[in-house]
2 protein chains.
Amino acid sequence: MTKPIAIQGIRGSFHHEVAQKYFSSTAEVIECMSFDSAVDNLLQHQTDSMVMALENSIAGSIIPNYALIDNHNLSIVGEYYLDIQHNLMALKGETLATIKEVHSHPMALLQCKVFFKDYPHIKLVEAKDTAEVAKQVSKDNIKGIAAIASKNAASLYQLDILAESIQTIKHNETRFVIVRRENNNLERKGINKASLKFELDHKRGSLATILNVMSDCKLNLTKIQSLPKIETPWKYAFFVDVTFDTHKDYEKAYAIMQIMAENFKVLGEYKNAKT
Amino acid sequence: MTKPIAIQGIRGSFHHEVAQKYFSSTAEVIECMSFDSAVDNLLQHQTDSMVMALENSIAGSIIPNYALIDNHNLSIVGEYYLDIQHNLMALKGETLATIKEVHSHPMALLQCKVFFKDYPHIKLVEAKDTAEVAKQVSKDNIKGIAAIASKNAASLYQLDILAESIQTIKHNETRFVIVRRENNNLERKGINKASLKFELDHKRGSLATILNVMSDCKLNLTKIQSLPKIETPWKYAFFVDVTFDTHKDYEKAYAIMQIMAENFKVLGEYKNAKT
């Protein structure tokens, strides 16, 4: 029997939506109040898979989540891109005029700030989670307070949507990954993407040399991010995503990079979700 | 006469500390409640310089701040690295036993979470700003509530430090930049670092080619960050920092890169603060 999937947040959250889209619309989930706690569930075998947001077209990489994967030697086995749409929702019968406060996650409030400039009577209040507010408003029948959350949350908690897609930047894509304890990706056939980490000295041309190997082996770079190593001045860690057409090309590049870069590590091998 | 410097946060904040260290310990500042509002001060000529946090050894780049510089065509004219140390502070006479709540910025609370595990009677409450809480506690003589802020804030608001350096990761370096409206860097002499932005097609080897040019021209890469262009699939923007020994090397690389990369843009030319 499959164990439930660990998600950050509660049912109706964007992580829940990804679990439903990636696995199945009826997928059982474990609601976790933080990424750390979802990882704990994974490490203690309460679950075999978790959903984790990793980067965002507005805010960039969520570096602490890269660190969670790296430090616990977890493995990325899949990815999913979700276009995050924020909707304003409240109890049935409410209108924009009757709403006094909107409670949501600071990031959601920030992304919708422009919309609320037209409604100066609505106070913005920071809350822990987007879907959690929707659940509370519904459960406790709270009048005058609106939530910002997904359409999923509105239907799950039976709230009315007062305004759709209220975020300032309309196309707001977030990349989620499916993470397991080890690289036990069962669908090895379709694999055409890998997430890699390696370290290089601060020496002129060292990164260019590695990228030349990738290019020579027909690997495409879809993401690169340098991060100075805190404990070691002048040493850099690089997080790189590559796509490839044939596994043979990847194996060849892998063999060379393993020799050339320090602490070369595969964070995951999986199917590219963008084709 | 020099105009005051715009900072994010109030006196006693880490931005204030950078303004004092970079300019002068008596530098006048304009306290701004957000990065957006500090930029507004700059655009409306209330100030000629602002201090802006840009990246952090724990959380990575603050992408929205890169976007502020880029979208408003501002210019980085200097940088400063600050080792951020969080201290627990309260009114004189308080001890860890008398403190019931600690109020601070979510990021500061997160970074000090491990410390508070030993003090389960202290409730963590999210607040807007680190120094703001210190000011409030002092001004309103609030008992039982502690702030997490800099030593500067403790001395400025006459609070006692109950515990020093309470953040989990002891070395917590943040890179701040000094930003002006245009590239009117007066100290052109010592310039040996530049922040660049360019775009590339998702074509195999396109980044390697650019990095080869940099390497051939003796430029050292100190940071690289790719960001997918939201509106244009398969097109990537790269934010790159380079250092160089002679301005001639930089000029040569600049001339070539301008031809090879699309929308090549200099975000700033300044003196490397790490030597």
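We did not get these values from a lab; they are worked out from the coordinates using the rules stated. Only a predicted model underlies this, so the values are computations on that prediction, with no experimental measurement involved. Neighbour counts are summed over all protein chains in view; Cβ atoms, including those assigned to glycine, are modelled from backbone coordinates with ideal geometry.
Descriptive notes on the structure:
- Integer Hz, Karplus 6.51/-1.76/1.60 couplings in order for the stretch B:91-106, x for Gly and Pro: 4, 4, x, 6, 10, 4, 6, 8, 7, 9, 9, 10, 10, 6, 5, x
- Volume of the Cα convex hull of the stretch A:68-122, divided per residue and given in Å³: 143
- Distances between copies of B:Gln46, taken at a point 7 Å out from Cα along the Cα→Cβ vector and listed shortest first: 4.8 nm.
- Amide H partners (placed H, <5 Å) of A:Ile84, local residues excluded: A:Asn172, A:Glu173, A:Thr174
- Antiparallel bridges, percent of DSSP beta bridges restricted to the stretch A:74-221 (to nearest 5): 65
- The Cβ shell under 15 Å around A:Val29 holds other residues with a net charge of -2, Lys and Arg each +1, Asp and Glu each -1.
- Separation of alpha-carbon centers, the stretch B:21-45 and the stretch B:106-132, rounded to whole Å: 27
- Entry note: chain B has Rg to Rh equal to 1.04, where both radii use alpha-carbon atoms and Rh is the Kirkwood radius.
- Residues whose amide H falls under 5 Å from that of A:Thr222, counting only those 5 or more places apart or on a different chain, are A:Asp241, A:Val242, A:Thr243, with hydrogens built in the peptide plane.
- Nearest-first distances (nm) between copies at B:Gln85, label 7 Å from Cα via Cβ: 5.1
- Anisotropy class of the stretch B:108-148 from Cα gyration tensor, a/c 1.5 cut: oblate
- Estimated FRET transfer efficiency (B:Lys235, A:Lys123; beta-carbon r; R0 51 Å; 0.05): 0.80
- Assuming charge only on the beta carbon of Lys and Arg (+1) and of Asp and Glu (-1), the dipole of chain A about its Cα centre is about 300 debye to the nearest 20.
- DSSP-defined antiparallel bridges as percent of all bridges, the stretch A:1-97, nearest 5: 40
- Lysines whose Cα lies under 18 Å from that of B:Lys3, excluding same-chain neighbours fewer than 8 positions away: B:Lys21
- Straight-distance candidates among the lysines for linking to B:Lys265, with alpha-carbon spacing under 17 Å and chain neighbours fewer than 8 residues away dropped: B:Lys193, B:Lys197, B:Lys223, B:Lys229, B:Lys235, B:Lys252.
- Near B:Ser49, the amide H atoms lying under 5 Å from its own belong to B:Ala6; only residues 5 or more places off or on other chains count, and H is placed 1.01 Å from N.
- Paramagnetic reach from B:Glu182 (point 7 Å along Cα→Cβ, amide N under 13 Å) across the stretch B:40-74: B:73-74
- Label spacing, shortest first and in nm, from B:Met260 to its equivalents in the remaining copies (7 angstrom along Cα→Cβ): 1.6
- Only lysines eight or more places from A:Lys117 in sequence, or on another chain, were considered; those with a Cα closer than 16 Å are A:Lys100.
- Taking 25 °C and 0.890 mPa s as conditions, the stretch A:18-167 diffuses translationally at an estimated 146 µm²/s according to Stokes-Einstein applied to its Kirkwood radius (Cα pairs).
- Choice from B:Leu159, B:Leu200, B:Leu54 with maximal GNM fluctuation in chain B (Cα, 10 Å cutoff): B:Leu200
- Once Rg and the Kirkwood radius are both taken over the C-alpha atoms of the stretch B:193-268, their ratio Rg/Rh works out to 0.95.
- Per-bin percent of Cα-Cα distances, the stretch A:1-82 [5 Å]: 3, 15, 27, 28, 19, 6, 1, 0
- All Cα-Cα distances of the protein assembly as shown, cut into 10 Å bins from zero to the largest, leave 3, 16, 25, 28, 20, 7, 1, 0 percent in each bin in turn.
- Chain B: most fluctuating residue of B:Arg204, B:Arg175, B:Arg11 per GNM, C-alpha cutoff 10 Å: B:Arg204
- Label sites at A:Asn141 and B:Asp83, each approximated as a point 7 angstrom past Cα along Cα to Cβ, lie 5.9 nm apart.
- When the alpha carbon coordinates of the stretch B:87-163 are projected onto the principal axes, the ranges are 28, 24, 18 Å, largest first.
- The stretch B:61-83 versus the stretch A:238-275: alpha-carbon centroid distance in Å: 32
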